Amino acid sequence: MTTWQSSLDPGVARVLRSSLVRLVGRRLLTAIPVVWGVTFLSFAVLNLLPGDAAQALLGADATPQEVQKLRVELHLNEPFLTRYGHWLASAVTGHLGSSLGSGQLVTTILAQRLPITFELILYAFVISLVIAIPVATIAARKPGGLFDSISTFITMIGLSIAPYILALLLILLFSVDLSLFPALGWTPISGGLGENLRSLTLPALSLGFPIGCFYTRLLRADVVEQLNEDYVVTATAKGLPSTRVLIRHAAPNSMFGLITVVALNVGTLLGGTVIVEQIFGLPGVGQELFQAIQTRDFPVLEGIVAVFAVVVVVIGLLADLLYAVLDPRIRYDNPGQ
């Protein structure tokens, strides 16, 4: 134990020595190069795209002199590494710059649009789990049965259809034909929770249904495998009802694979919002990201990419911590685990 640790309260020192705290510390340290690498690559890719940000902002009718003047004002005439270095130095201090087009602070843009996107992702995530867990659990009871065959057919359709195609079909059915949900726009929670959820239901279904189908196939296979394990056979031999064995024993032990896939799919959900928010006219980060790419708005794009990278890293960390909560036998201080 180091000198500074020995001077701490015994309870605090014990917490600092715990494997979970060390895991959090290691992951936070590895997150720094990950976030930096993502922002650098995105800045480089945007810099390689054809076109000019000043020209995009001024329009096709702008004269070369006007374009050059704006390039100088926005420091677009500086070398790539110089511009990225200035942005990175500001980002470290918490200042993500200002939009090249509107002049609005990037932090202000994120504060306005992130809640909408995060609510959409959370809603889609809930829909995917509501689909996956009960369907996979029931289908695993009788592999090859009628319910399993029907669920397999539906999930294969869900896996085969692109989210933007599904979005258009949902609009045609539920907005045009049945008039149950709005096709465009977003209602804030201040306008009523019911209206807020109605405005997000179709976008969330567009994102959540395909991923829910994937979760269903994965979880169903894991539950079937668990049902053949010795502990399940023993529990059944003791006379426990099959439903209780399935729900209390097999299904919980199948959640580890699902947790891993959920953490990995956060990036997929974030990427899907770019198209879905365009289709449904949601004023979220995905729509702002799409516009930033079109206008080559470097500060806005870098701010959004940095936030997305941090979110993915944090979700991965939470998944690791959830493993230890669900199964205390997992010890992260053991290199083998």
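The values are calculated or read from the model by the stated rules, or taken from the named source; none is laboratory data. Quick caveat, the model's predicted, so the values are computed rather than measured. Positions of Cβ are generated from backbone atoms using ideal geometry, with glycine treated the same way; all protein chains shown enter the neighbour counts. These area figures cover heavy atoms from the full protein model, side chains too; ligands, DNA and RNA do not enter into them. Shrake-Rupley method; radii C 1.70, N 1.55, O 1.52, S 1.80 Å.
So here's what we get for this one:
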| read-out | value |
| --- | --- |
| Breaking point among (1) open to solvent by 40 Å² or more (accessible area, probe 1.4 Å); (2) closer than 21 Å to residue 266 by Cβ; (3) modelled with pLDDT of 90 or more; (4) not charged (D, E, K, R), for residue 154 | (2) |
| Which numbered condition residue 79 misses (of (1) within 30 Å of residue 214 (Cβ to Cβ); (2) modelled with pLDDT under 85) | (1) |
| Among the candidates 51, 101, 59, residue that is within 16 Å of residue 297 (Cβ to Cβ), in contact with a Leu (Cβ under 6 Å, 6 or more places away or on another chain) and at pLDDT below 80 | 101 |
| Residue check, residue 189 farther than 24 Å from residue 261 by Cα and aliphatic (A, V, I, L, M) | yes |
| Yes/no for residue 225 being open to solvent by 80 Å² or more (accessible area, probe 1.4 Å), of a type in the set (Asp, Glu) and without any contact (Cβ under 8 Å) to a residue 60 or more places away in the chain | yes |
| Only one of 317, 301, 269, 322 that is within 21 Å of residue 199 (Cα to Cα) and assigned to a helix (DSSP H, G or I) | 269 |
| Counted residues, region 169-192 - those being part of a helix (DSSP H, G or I) and under 20 Å from residue 113 (Cβ atoms) | 3 |
| Subset of region 50-91 (residues that are touching a residue at least 40 places away in the same chain (Cβ under 8 Å) and outside any loop (DSSP other than H, G, I, E, B)) | 53, 56, 57, 83, 84, 87, 88, 91 |
| Qualifying residue in region 197-206 (condition: hydroxyl-bearing (Ser, Thr, Tyr), open to solvent by 10 Å² or more (accessible area, probe 1.4 Å) and either at positive phi or at pLDDT 90 or above (or both)) | yes |
